[in-house]
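Report on the following structure.
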Amino acid sequence: LLLSRPSPDSVPISIVNLRELSTFDDQMHALSHLSYALYDWARRKGDSGGMPRIIFFIDEIGGGGGRDAFFPSPPYAPPSKSGLNLLLRRGRAFGLCCLFATQNPGDVDYKGLSNCQTWMVSRLQTKLDRDKIRQGLSAAEIHIESVDDKLRDIQPGEFLVRSKSGGTTVVEERWLMSYHKTL
């Protein structure tokens with residue numbers, strides 16, 4: 001039901017709010033089941049020919065770090081972690097794209113995120129956070145020296161983008177402007 005299209009020319013959007021579940025353990029188990037169900041659905045669809053079928057977005061994947069994260073760094077291994085790793089490792093072959101967001105890079109498992117093709121990193125306030133990003137870039141076998149100065153010099157509203165080709169560039173946000181008029 002979450003992935004069905006009412007008509008061929010419409011794009012379904014399904015939002016699952018895990019915060020309504022009473023405990024963090026319930027949230028992790030629900031995310032684990034959802035991850036495996038999405039992977040199973042995509043696998044049954046078969047090869048996507050390199051085209052995306054679905055985007056799976058999780059905001060605040062770090063969740064506060066340590067035991068209170070959906071995708072924490074070792075040694076923690078909550079129930080949600082193995083399903084998310086499966087999506088990152090094998091999902092893209094079936095058109096399942098993952099978009100994970102966090103405010104604290106130290107709370108996220110970089111061994112798993114080394115499977116991500118595109119990274120967008122905003123301004124990092126602490127040396128520890130920059131070191132965590134360097135650790136993740138190293139795990140993804142990206143030449144760190146070319147990125148080091150860029151990481152240190154990112155300004156508010158700028159993002160360091162690492163593309164699937166391995167190149168890095170800095171992009172700047174821009175405000176969208178729209179006029180609201182009564183006709």
Give me the accessible area of Lys111, 1.4 Å probe, in Å² rounded to the nearest 10. 150
Calculate the dipole size of the chain relative to its Cα centre from +1 charges on Lys and Arg beta carbons and -1 charges on Asp and Glu beta carbons; express the result in debye to the nearest 20. 500
Sum -39500 (n - 2.57) across every DSSP H segment of at least 4 residues in the chain, then divide by the residue count to get the 222 nm mean residue ellipticity, nearest 500. -10000 deg cm²/dmol
Could you work out the longest stretch of the chain that avoids the GluC sites (Glu not before Pro) located in DSSP loops with at most 13 other Cβ atoms within 10 Å? 1-140
Among Ser82, Ala37, Ser178, which residue has its Cα positioned farthest towards the positive end of the charge dipole of the range 28-183, with +1 placed on the Cβ of Lys and Arg, -1 on the Cβ of Asp and Glu, and the dipole taken about the Cα centre? Ala37
Per residue value of the accessible surface for the range 1-145 (all protein chains in place, 1.4 Å probe), Å²: 61
Projected onto the charge dipole of the chain (+1 at Lys/Arg Cβ, -1 at Asp/Glu Cβ, origin at the Cα centre), which of Met51, Met28, Ser122 gives the Cα projection farthest towards the positive end? Met51
Heavy atoms only, probe 1.4 Å: what % of the accessible area of the chain goes to carbon and sulfur, would you let me know? 53
Taking every other residue with Cβ under 11 Å from the Cβ of Tyr76 and scoring Lys and Arg +1, Asp and Glu -1, one gets -1
Which order do Val171, Val161, Val108 take by accessible area at a 1.4 Å probe, largest first? Val171, Val161, Val108
Which value in nm describes the separation of the simple spin-label points at Ser122 and Asp149, placed 7 Å from the Cα toward the beta carbon? 2.6
One finds the C-alpha centres of the range 1-34 and the range 85-125 to be spaced, in Å, by 19
Which of Lys81/Lys132; Lys127/Lys164; Lys81/Lys150 have a Cα-Cα distance over 23 Å? Lys127/Lys164; Lys81/Lys150
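The values are calculated or read from the model by the stated rules, or taken from the named source; none is laboratory data. Model, not experiment: these values are computed from the prediction. Cβ coordinates were reconstructed from backbone atoms using ideal geometry, including for glycine residues, and neighbour counts include every protein chain displayed. Just so you know, the surface numbers come from the protein's heavy atoms only, side chains and all, with ligands and any DNA or RNA stripped out. Shrake-Rupley method; radii C 1.70, N 1.55, O 1.52, S 1.80 Å.
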